[in-house]
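Trainee: I am attaching a structure below and will ask some questions about it afterwards.
Read-outs: derived from the displayed coordinates by stated rules, not from any lab. As the structure is a prediction and not an experimental result, all values here were calculated from the model. When we count neighbours, we look across all protein chains shown, and the Cβ atoms used for this are built from the backbone with ideal geometry, even at glycine.
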Amino acid sequence: MQRIQLLSPRLANQIAAGEVVERPASVVKELLENSLDAGATKLDVDIEQGGIKLIKIRDNGFGIEKDDLSLSLSRHATSKITELADLEAVGSLGFRGEALASISSVSRLTLTSRRKGAEAAWSVQTEGREMSTQINPSSHPQGTTVEMRDLFFNTPARRKFMRTENTEFKHLDEVIKRMSLSRFDVDFSLSHNGRVIRQLKKATSLREQERRVATICGPAFIDQSIKVEMQAESSGLSLKGWISLPTFSRSQADLQYFFVNGRMIKDRLVTHALRQAYSDVLFNGRHPAYVLYLELDPALVDVNVHPTKHEVRFRENRLVHDFLFRAIHRVIADERPGFQKTAIEQADGSAIETVAEQPPLQQGIGLNIPTNSVPNNVLSQPAYQANRFSPANLREQSSIYNQLGRPGETGSVAAPALDSVDNSPSEIPPMGFAIAQLHGIYILAQNATGMVVVDMHAAHERIVYERLKTSYSIEKVRSQPLLVPVSVSLSGLEVDCAEENKEVFSQLGFELERLGEETIAIRQVPVTLAKSDVEQLVRDVLSDMVTLGNSRKIEESVNELLSTMACHGSVRANRQLTIPEMNQLLRDMETTERSGQCNHGRPTFSTMSLNDLDKLFMRGQ
């Protein structure tokens, strides 16, 4: 071992470059963040050979003073924080003061800037090996231009790890996408090898913002997405953006953009909350797509946990997790036929205030559910009793339904013509009226805009499932003691967590007792989970509680059981339904949460407008 000595500035900067400058895309990210912090509203990015040969970024920000040009290339030189208190509530994208120093240590860099109100512009040049600087007068409008050439020219070992030009460009283009999504008020331009790739104008209106999102995420995403806008006044949390419908899912998590105070992050807590919000409607193995913006007090989030600032740490993990879950879960639940959201103003505590127009609640569909697949305590609930649909009840519910006629001797009736009904939008239900049953599987219906095809098993499965969940939540959880208590060995932290949350487990039907420093005993479990692997379930719940502050593992296990019961208790294929029964199924879909998907994430209905039908048959062409 040699004696301890200080590293040279050049070597220290190159070590820092190993953390900050991974590839050309990292350089672009750091420089764009500096430009945005400088108040830029227009950013031009010009690159060559995927950014390995040249990266040139010009902005129209405030610019840099002449005397600060050389200092800006020094390590830990920044204008964004001055004391520890500033670090505890960082409002800027950059703050470490390492980016320019690290980049200049592994490239040939030229920095040209003209301060707002200054009479002249100045330029500073440096090359990585010597780190010497030269300041010269230059010609430049207000703002700053950073030109970086020959990345890793003085570190051949790092250059060998560069990928192909096409691969590096894809990474760099992804950075431009993220930045343009984070700031709708900024113009972005990207050129590669002299060819313009992206030209994004600032987007001030909602339509323009959606157009930019569609340009980056694809038109299909914005066409099949839900606008989210809500806030929790007590905690100061605010969430805006777009989430995809469950039917627009991805095989990979490649279309997920989440921003915290304008900073793009990838956070485990956020991913977990959003995944849970989609758990009841997403097909197995699929991933949701979203572009979301979370705003909160900078003092509630620590951004100084990673050199590249991709990760953050929330000071109130549980608060953020619960807010995200409840907000997205509520929006997905409200997305059903006939539910028109007008505003979602706040998500405070356990309830989310929603202003919306909902169809009137109707009686349950008159389909006989096998009693051996549903508990007696569920069937005893008034809302779930299988009362046969009758024309008398139909007439009492709405004058429109009188048009349906009476069932004939064969158990079927003629379909009502919509021409015979008041065709005003307020009179025709969103799912329309049933016309026929196709192959004993699908219901064909006609609404005000065109045609609706419903998968009757999938739709009824969702309806029964939601009713079972409601019944289970209303009824107190019943528990049963274990004949032989189950002993579970855990870490000391998990045992402490179990003891601290003893009342929470008790409300869920579990009775846990501490036996030692690293051992607990399970003495009582919910009746519905008596045959499941309760030991593994308790382990998973405690793991989530230690990491995230809460867990929904028990609820998910119960829902999985209820989902199976609903599947077996739903109407099957080739079951002949009468027209009134089909119409009641359509009405139930309009009043049931998440009725657009079955329990397994499959769509329950599809629509086709008259315009689409006209195009299909080339009418009017």
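Trainee: Give the cross-link partners of Lys80 among the aspartates and glutamates, using a straight C-alpha distance below 13 Å as the criterion and excluding same-chain residues fewer than 8 apart.
Mentor: The reachable aspartates and glutamates, counting only those whose Cα sits under 13 Å from Lys80, are Glu33, Asp37, Glu88, Glu98.
Trainee: So, one more: Mind pulling up the Rg/Rh value for the range 510-621? Radius of gyration and Kirkwood radius, both on Cα.
Mentor: That ratio equals 1.23.
Trainee: Could you order peptides 95-108, 279-292 by the average number of other Cβ atoms within 10 Å of their residues, highest first? Write out the running numbers ahead of the final one.
Mentor: Details: 95-108: 23.6, 279-292: 18.8.
Ranking, from highest mean packing down: 95-108, 279-292.
Trainee: Across the range 186-194, in residue order, what do the Karplus-derived ³J(HN,Hα) couplings come to in whole Hz, using 6.51 cos²θ - 1.76 cosθ + 1.60 with θ = phi - 60° and x for Gly and Pro?
Mentor: 10, 7, 10, 9, 10, 10, 10, 6, x
Trainee: What is the Cα radius of gyration of the range 15-83 over 2.2 N^0.38 Å, N being its residue count?
Mentor: 1.19
Trainee: Related question: Using only C-alpha atoms and all pairs of different ones, pull out the Kirkwood radius for the range 139-196 in Å with one decimal. Display every interim value, and only then the final one.
Mentor: Values: mean 1/r = 0.0706 Å⁻¹.
Result for the range 139-196 stands at 14.2 Å.
Trainee: Once you have a ≥ b ≥ c as the square roots of the Cα gyration tensor eigenvalues for the range 70-146, tell me rounded if a/c is under 1.5, and otherwise prolate or oblate according to whether a/b is larger than b/c.
Mentor: Oblate.
Trainee: Take the alpha carbon gyration tensor of the range 15-130, find the square roots of its eigenvalues, order them as a ≥ b ≥ c, and report rounded if a/c is under 1.5; if not, report prolate when a/b exceeds b/c, else oblate.
Mentor: Cα axes put the range 15-130 in the rounded bin.
Trainee: Using the alpha-carbon centroid of each, what span in Å lies between the range 454-490 and the range 211-260?
Mentor: Their Cα centres are 30 Å away from one another.
Trainee: Taking a quarter of the surface of the convex hull around the Cα atoms of the range 213-284, what do you get in nm²? Please list the in-between numbers first.
Mentor: Working: hull surface 22.3 nm².
Averaged projected hull area, Cα only: 5.6 nm².
Trainee: Then there's this: For Phe605, which sequence-distant residues (separation of 5 or more, or a different chain) have an amide H within less than 5 Å of its own amide H, given hydrogens modelled in the peptide plane?
Mentor: Asp455
Trainee: Which links in Lys160/Lys266; Lys202/Lys227; Lys66/Lys177 stretch past 23 Å when you go from one Cα to the other?
Mentor: Lys160/Lys266; Lys66/Lys177
Trainee: Once phi is turned into ³J(HN,Hα) by the Karplus curve 6.51 cos²θ - 1.76 cosθ + 1.60 with θ = phi - 60°, what whole-Hz value does each residue of the range 267-277 show in order, with x for glycine and proline?
Mentor: Values per residue, Gly and Pro as x: 10, 5, 5, 5, 4, 5, 5, 6, 5, 5, 4 Hz.
Trainee: Work out, step by step, the length gained on full extension between Ala12 and Glu48: first 0.36 nm times the residue separation, then minus their alpha carbon distance; give nm to one decimal.
Mentor: Full extension of this stretch gives 10.1 nm more.
Trainee: Further question on the same structure: Short version: ³J(HN,Hα) in whole Hz for each residue of the range 79-87, in order, from phi by Karplus 6.51 cos²θ - 1.76 cosθ + 1.60 (θ = phi - 60°), x for Gly and Pro, what are they?
Mentor: Computed from phi, the couplings for the range 79-87 are 9, 9, 9, 10, 8, 4, 4, 5, 5 Hz.
Trainee: Taking 0.36 nm per residue of sequence separation and subtracting the Cα-Cα distance, how much length would be gained by fully extending the chain between Thr204 and Glu233, in nm to one decimal?
Mentor: Separation in residues times 0.36 nm, less the Cα-Cα distance, equals 7.9 nm.
Trainee: Which of rounded, prolate, oblate describes the range 437-548, given a ≥ b ≥ c as roots of the alpha-carbon gyration tensor eigenvalues and a/c under 1.5 marking rounded, otherwise prolate only if a/b is larger than b/c?
Mentor: Prolate, since a/c reaches 1.5 and a/b exceeds b/c.
Trainee: Enumerate the residues in the range 105-123 having an amide nitrogen under 13 Å from the point lying 7 Å beyond the Cα of Phe153 toward its Cβ.
Mentor: Residues 105-110 fall inside that zone.
Trainee: Further question: How large is log10 I(q)/I(0) at q = 0.13 Å⁻¹ when the Debye formula is applied to the Cα atoms of the range 98-230, each weighted equally and without solvent?
Mentor: Log-scaled intensity ratios, in q order: -0.79.
Trainee: Using only the Cα atoms, what convex hull volume per residue in Å³ does the range 157-231 have?
Mentor: Working: hull volume 10.5 nm³, N = 75.
So the per-residue Cα hull volume is 140 Å³.
Trainee: Let me ask you something else. Per-residue counts of other Cβ atoms within 10 Å, averaged by peptide: what ranking do you get for 441-454, 480-493, 29-42, 66-79, highest first?
Mentor: Answer by packing, highest mean first, reads 29-42, 441-454, 66-79, 480-493.
Trainee: If you stretched the chain out fully between Glu560 and Gln480, how much longer would it get, using 0.36 nm times the residue separation minus the C-alpha to C-alpha distance? Numbers along the way, then the final one.
Mentor: Details: separation 80, 0.36 × 80 = 28.80 nm, distance 1.98 nm.
Result for the pair: 26.8 nm of gain on full extension.
Trainee: First select every other residue whose beta carbon is under 9 angstrom from the beta carbon of Val305; then total the charges, Lys and Arg +1, Asp and Glu -1.
Mentor: 0
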